[in-house]
């Protein structure tokens, strides 16, 4: 079983070089200790102050006999949905867009973009297929585990066959339950 560590870090405004160096050393040691205590295979992390990299670390092996490296891309999986949902709600609160805005506002050529809303995306009721279940995607990341996959490629894996899993706005769970009971 793989373990994932999600770190929340506070940004501290330090004035002196000595304070910054001491904090950097302290964070480095804490991250190394965390890796050892949690027994994760690898820990990759970074801290930035604005655009300036304060600390980047990579401990352990990303795969057997392949050392972790700070330049590696990390797929964070399902936790991204939480990040995305939180960001969307912040932008909605700021009035940047609304949950009922259609995806066609940004991606007019996307499959079903005139039917799918931002709200459907964050509730997983858009009907779009999960690209990580696409066999071509699985083959690609198996063959090239460190490949940086573009947003355009992800969209293609999810929509390339021109079909949705279910009509936009319907609950995936309800749709699955309906199909299970209707087959009996």
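The values are calculated or read from the model by the stated rules, or taken from the named source; none is laboratory data. This structure is a prediction, so every number in the text was calculated from the model and none was measured. We place every Cβ from the backbone using ideal geometry, glycine too, and count neighbours over all the protein chains shown.
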Among (1) closer than 30 Å to residue 55 by Cβ; (2) in contact with a helix residue (DSSP H, G or I) (Cβ under 9 Å, 6 or more places away or on another chain); (3) part of a loop (DSSP other than H, G, I, E, B) - the single one residue 145 does not satisfy: (2)
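Counting only residues that are farther than 23 Å from residue 61 by Cα and surrounded by 10 or more Cβ atoms within 10 Å (Cβ to Cβ), which one in region 13-48 is modelled with the lowest pLDDT? Reasoning before the result, please.
Start the filter on region 13-48 by keeping residues that are farther than 23 Å from residue 61 by Cα, which leaves 13-23, 48.
From the residues that got through so far, the ones that are surrounded by 10 or more Cβ atoms within 10 Å (Cβ to Cβ) too are 14, 19-23, 48.
On the way: 14: 47, 19: 61, 20: 66, 21: 74, 22: 79, 23: 77, 48: 78.
Ranking the qualifying residues of region 13-48, first place goes to 14.
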